[in-house]
Amino acid sequence: MTGSSPAVVSASKLGLTFQTNDGPVQALSNVDLTIGKGEFVSLIGPSGCGKTTLLRVIADLEKPTSGMISVNGMTPEQAREKRAYGYVFQAAALFPWRTIERNVALPLEIMGLSKTEQAERIKRTLDLVNLTGFEKKYPWQLSGGMQQRASIARALAFDADLLLMDEPFGALDEIVRDHLNEQLLQLWGRTNKTICFVTHSIPEAVYLSTRIVVMSPRPGRVSDIIESTLPKERPLDIRETPEFLAIAARVRDGLRAGHSYDD
Amino acid sequence: MDTFRDKLVPVTSILAGVIVLWYVFAVILNAPFQRDLDTRANETPGAVEFIGKTLSQPKPTLPAPHQVAVNFFENTFLRPITSNRSLVYNAWVTLSSTLLGFAFGTALGIVIAVGIVHVATLDRSLMPWIIASQTIPILAVAPMIIVVLAAIGITGLIPKAMISTYLSFFPVTVGMVKGLRSPEIMHLDLMHTYNASRTQTFWKLRVPASVPFLFTSMKVAVAASLVGAIVGELPTGAVAGIGAKLLAGAYYSQSIDIWSALVAGSIVAALLVMVVGIAGRIVDRAMGGRPA
């Protein structure tokens, strides 16, 4: 698909079947996907379409039961051991007993970085997410949006080239969400990271992505992949342009074709 | 201040109720013996005088609150604390073995919990034994521990502390197993994405997450520890300690002494639980806990 840039994530015929008490559930079936370096790829679909499962397979939090997947040319497990990616969860998942800066320091401590190196990276990443001045605060002293920004800083702190984000703004109100979407795009522009972003919001997916992967449920599969024609510079009001609305309509068509709107 | 008053009113009204009931029962329970005495002395006192007498017997069936209070005051404040009749001295003897046993018990409880959480075999094999250990009546085990240890030359503080340990490790084990397993899946996944080792996950996630559970279980453990120390004093020949006072009081029918020793024991227990609670709150604040 994006032949020119080297693939960061490459999956072919990927399948995952969970064994449950109600029998096997096919969470992923025949997923083919390539994510090139520097791309911003969104996975969108209704709940149960396997978008989070796919992200967790990339992160080696789930093991696929069939097919092939590689991350940076390695197995997901090897990639995880090399700390190839930062993962942002649905909730901020900050440790309540650590201050913001100690939370950002957590992966750095685990990697065994020196104190001075830690301090430098904490300063840089907190600056990147506009949380300078909140270093000594505890998570409960911050708003939900600020907490999620801190968790993004934590995922950025160890300089992985790949950022995996699982509905990171899903629990936030729309105003905060718009603001964070804008900031995330700026951050992506500045850091040149590859981002794989799970969402169930069509405007969010269209606004952020260079490519939108539409998924559908039962079994979880990729039903359409849409290349965005929007420029890299995207002010918030780009969402009112005909071009934006056309892409959103295509995403909606893709969801409908995957029977996502069926009862 | 308001919370203090909110607590003060209910606590004092309950206390007042208990004291009134206590007086009523003291009169009822001491009346037969007093009637007996009066009949033999050919006296027919009026109701008020009779009630007064039931509340001032030297060896009453149930001592009146003021009798216990006077005895407690005399034995706490009016005796040199080196005297073996001083409640302060006896409370200290019990307290020292309580604290030693509590320290052992907490350490043992934590070690067992860590084992159970990290070794699947221990999880399956150890827990039934631990629960079984607590179903054995401590009154049956305590003399055996004392006698066996005395036979191999260990006497004094250690045997009593061991009984405290026996009672106090259990709540700590149960609490810490729960605490060490309390981290959310998301936090464990997070550590997994960092490729954190088991040791790192243990120290950076499981241990801090278990701290509130530890203090809750330590509150139970410290009270159990005190009970263990008192029970441990009963078969030691009753030299000193709150348990020894209880036993001596029972020998010589000094019911007032028994009750004031009980009061001393309760005060020690309340203080111990309070100290653990305060320590817990200080640690919680240091770990960024939200002020309540």
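The values are calculated or read from the model by the stated rules, or taken from the named source; none is laboratory data. On a predicted model such as this, the values are computed, not experimentally measured, just so you know. Methodologically, a virtual Cβ is constructed for each residue, glycine included, from the backbone with ideal geometry; neighbour enumeration extends over all protein chains shown.
Here is a check on your reading of the model: is A:K137 within 14 Å of chain B (Cβ to nearest Cβ), buried (at least 16 other Cβ atoms within 10 Å of the Cβ) and of a type in the set (K, R)? Here the answer is yes, as A:K137 does meet what is asked. Report yes if some residue within the stretch A:18-34 is buried (at least 22 other Cβ atoms within 10 Å of the Cβ), β-branched (V, I, T) and under 14 Å from A:Y85 (Cβ atoms); otherwise report no. The answer is no, given that none of the residues of the stretch A:18-34 is buried (at least 22 other Cβ atoms within 10 Å of the Cβ), β-branched (V, I, T) and under 14 Å from A:Y85 (Cβ atoms). Assessment of the stretch B:68-86 against the conditions (modelled with pLDDT under 85 and either in contact with a strand residue (DSSP E or B) (Cβ under 8 Å, 6 or more places away or on another chain) or of a type in the set (G, A, S) (or both)) yields at least one matching residue. All of (1) at pLDDT below 90; (2) over 19 Å from the mean Cα position of the chain (by Cα) hold for A:L16 with one exception: (1).
Against the definition (crowded, with 22+ Cβ neighbours inside 10 Å, among the β-branched types (V, I, T) and over 15 Å from the mean Cα position of the chain (by Cα)), how does A:V57 come out, yes or no?
no
Residues are listed down the side, and each one gets a yes or a no for (1) within 19 Å of B:I242 (Cβ to Cβ); (2) outside the structural domain of B:A244 (by TED's automatic domain parsing):
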| site | (1), (2) |
| --- | --- |
| B:Q67 | yes, yes |
| B:N71 | yes, yes |
| B:T98 | yes, no |
| B:G109 | no, no |
| B:I112 | no, no |
| B:H118 | no, no |
| B:D123 | no, no |
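For the stretch A:76-94, filtered to residues that are within 7 Å of chain B (Cβ to nearest Cβ) and free of Cβ contacts under 8 Å to residues at least 40 places away in the same chain, the residue that is nearest to A:L61 (Cα to Cα) is A:R80.
Among the residues here, A:T99 qualifies as within 12 Å of another protein chain (Cβ to nearest Cβ) and touching a helix residue (DSSP H, G or I) at 6+ places or on another chain (Cβ under 9 Å). Taken as a whole, the condition of being surrounded by 21 or more Cβ atoms within 10 Å (Cβ to Cβ), within 12 Å of another protein chain (Cβ to nearest Cβ), assigned to a helix (DSSP H, G or I) and of a type in the set (K, R) does not apply to B:R285.
Look at B:T121 and say whether it is over 29 Å from B:L226 (Cα atoms), polar (S, T, N, Q) and surrounded by fewer than 15 Cβ atoms within 10 Å (Cβ to Cβ).
yes
With respect to B:P32, determine if the residue is within 34 Å of the chain's Cα centre (by Cα) and either exposed (fewer than 10 other Cβ atoms within 10 Å of the Cβ) or farther than 17 Å from B:V263 by Cβ (or both). No; evaluated as a whole, the condition is false for this residue. Of the residues making up the stretch A:35-73, those that are more than 14 Å from chain B (Cβ to nearest Cβ) and in a strand (DSSP E or B) number 12.
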